[in-house]
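Heads up, the thing below is written out as structure tokens.
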Amino acid sequence: MAFELPALPYSRDALAPHISENTLNFHYGKHHNAYVTNLNNLLGDETRSLEEVMKDTAGDAAKAGIFNNAAQVWNHTFYWHSMKPNGGGLPTGAIAAKIDEDFGSFAKFVEEFKAAGATQFGSGWAWLVLDNGKLKVTKTANAACPPTEGVTPILTMDVWEHAYYLDYQNARPKYIETFLESLVNWDFANENLG
């Protein structure tokens, strides 16, 4: 059975003006879709789940193409859910308490998350993860992702240039600030926190 491009959890114009419909037409409609197409071309009919494909191919140089495409399908799907229209701002619920407990304050979390996104050299991701019961901010290069590293992803922010360049050009820090202030989906974070 072939993998399919997962539906966005909102319309392509729903994140405007922070992320434009034009960006989503390219990022979701072209980039994310290309990863799905490439993965299907590499695997043909597949009975494993996307997560199984990722775990079975992670770290295997001979299967890097399969891993990169599978992980990018997974990463992007997780990213779309990490945002919502009218998102951002202060977290509520269990995630708010856990951030205060593990980072000392929301401001400290914001500082670490911004730094992870801004200092990821080249393409990659900034993550909020749960590692042995403690929230941490991490970053990964290219297609690398928490599910293959033994930690639980809570939120992610894509810092590949195609995620923001049409709207922010080279101002990655402005995109990161906008993600936190106006886009981040704390409801999704609470669901992932369990």
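The values are calculated or read from the model by the stated rules, or taken from the named source; none is laboratory data. Keep in mind the model is a prediction, meaning the values are calculated, not measured. When we count neighbours, we look across all protein chains shown, and the Cβ atoms used for this are built from the backbone with ideal geometry, even at glycine.
Tallying residues that are assigned to a strand (DSSP E or B) and either charged (D, E, K, R) or more than 15 Å from the chain's Cα centre (by Cα) (or both) within segment 140-194 yields 1. Filtering segment 132-181 to residues that are loosely packed, with under 15 Cβ neighbours inside 10 Å and within 22 Å of LEU90 (Cα to Cα) leaves GLY133, LYS134, PRO173, LYS174, GLU181. Kindly evaluate GLY88 against the criterion of being modelled with pLDDT of 95 or more, on the phi > 0 side of the Ramachandran plot and under 16 Å from the mean Cα position of the chain (by Cα). Judged against the criteria, GLY88 is a match.
Apart from one condition, THR92 fits all of (1) among the β-branched types (Val, Ile, Thr); (2) in a loop (DSSP other than H, G, I, E, B); (3) touching a strand residue (DSSP E or B) at 6+ places or on another chain (Cβ under 8 Å); the exception is (3). A single member of THR92, THR47 is exposed (fewer than 14 other Cβ atoms within 10 Å of the Cβ), touching a helix residue (DSSP H, G or I) at 6+ places or on another chain (Cβ under 7 Å) and in contact (Cβ under 8 Å) with a residue 40 or more places away in the chain, and it is THR92. Among the residues of segment 104-126, none qualifies, meaning not one is outside the structural domain of LEU42 (by TED's automatic domain parsing), of a type in the set (A, V, I, L, M) and part of a loop (DSSP other than H, G, I, E, B).
Residues checked against (1) over 18 Å from the mean Cα position of the chain (by Cα); (2) modelled with pLDDT under 95:
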| site | (1), (2) |
| --- | --- |
| ALA2 | yes, yes |
| HIS32 | no, no |
| GLU52 | yes, no |
| ASN69 | no, no |
| GLN72 | no, no |
